[in-house]
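*Asks:* Submitted below is the structure of interest, expressed as structure tokens.
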Amino acid sequence: MRPIAALLVGATLVGVACRHAAPPPPAPAASVPAGPSLYTRLGGVDAIRAVVGDFLGRVAADQRVNAFFRGVDTGELAAKLTDQICQAAGGPCRYAGRPMRQVHAGMGISDADFDALVSDLAAALGHFNVGPQEKGDLLGVLGGLRGQIVTKR
Ligand code: HEM
């Protein structure tokens, strides 16, 4: 092989070797979750506010848990819950209340109390005909807070 040809073959092989050593290409766009956020699918902040209002009405009538809420300013609570759900669903609101662990510490909330509240929220979502996918997504997000809220084992 003439020197120039040997050089070309060598360069090609180096090129091949480098291509093999190159980092993998970025993940294709298809791996990015597509479609509207849960916030949008729920219908935005007005829809969330309506669900929260209905939910708190159910809680007030729910003998299993309403004793916890005696003397609580429900207007204030509704505003904070709306912000929290809006933010958790990917909306533009910012929850400025206290951390969940701190708020509920010392209340002695059990798993049964937590489940009762979740069932009231599920009923409120049902009342507004929120679809099963959105219902499942939201209850899934809030269900993740159980460990910070339940203290009575
Ligand atoms: C996923 C479940 C829950 C969420 C997302 C949640 C969220 C909140 C939020 C955002 C506040 C207002 C915080 C603040 O004032 O800074 C709050 C307060 C409160 N929560 Fe919960 N909560 C949950 C479960 C429960 C349960 C199971 C109970 C009792 C059965 C409960 C009882 C209360 C009470 C009594 C207050 C009022 C505290 C006060 O004003 O001093 N919560 N909660």
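Bear in mind that the values in this text are calculations on the coordinates, not laboratory data. Keep in mind that what you see is a predicted model, and the values were worked out from it rather than measured. All Cβ positions, glycine included, derive from the backbone under ideal geometry; neighbour counts span all protein chains shown.
*Asks:* Put +1 on the Cβ of each Lys and Arg and -1 on the Cβ of each Asp and Glu in the range 29-153; which of 40, 147, 82 then has its Cα farthest toward the positive end of the dipole?
*Replies:* So the residue furthest toward the plus end is 147.
*Asks:* Please give the direction-averaged projected area of the C-alpha convex hull for the range 36-149, in square nanometres with one decimal.
*Replies:* Hull-based average projected area comes out at 6.6 nm².
*Asks:* Going by how many other Cβ atoms sit within 10 Å of their own, how do 86, 93 line up, fewest first?
*Replies:* 93, 86
*Asks:* Which of 37, 119 comes first, and how do the rest follow, when ranked by fewest Cβ neighbours within 10 Å?
*Replies:* Sorted ascending by nearby Cβ count, the order is 37, 119.
*Asks:* Here's another thing I want to ask about it. What does the charge dipole of the range 36-149 about its Cα centre add up to, to the nearest 20 debye, if the Cβ of each Lys and Arg holds +1 and the Cβ of each Asp and Glu holds -1?
*Replies:* Roughly 220 debye for the range 36-149.
*Asks:* Still on this structure, please answer the following. 7 Å from Cα along Cα→Cβ at both residue 145 and residue 103: what's the point-to-point distance in nm?
*Replies:* Result for the modelled spin labels: 0.4 nm.
*Asks:* HN-Hα J couplings of the range 103-120 from phi, Karplus 6.51/-1.76/1.60, θ = phi - 60°, integer Hz, Gly and Pro as x?
*Replies:* 3J(HN,Hα) across the range 103-120, in whole Hz: 4, 9, 4, x, 7, x, 7, 9, 4, 5, 4, 4, 4, 4, 5, 4, 5, 5.
*Asks:* Add +1 for every Lys or Arg and -1 for every Asp or Glu among the other residues with Cβ under 14 Å from the Cβ of residue 144, and state the total.
*Replies:* Residues near residue 144 contribute +1 overall.
*Asks:* How many nm is it between the label spots at residue 135 and residue 63, if each spot is 7 Å from the Cα in line with the beta carbon?
*Replies:* For the pair residue 135/residue 63, the computed spacing is 2.5 nm.
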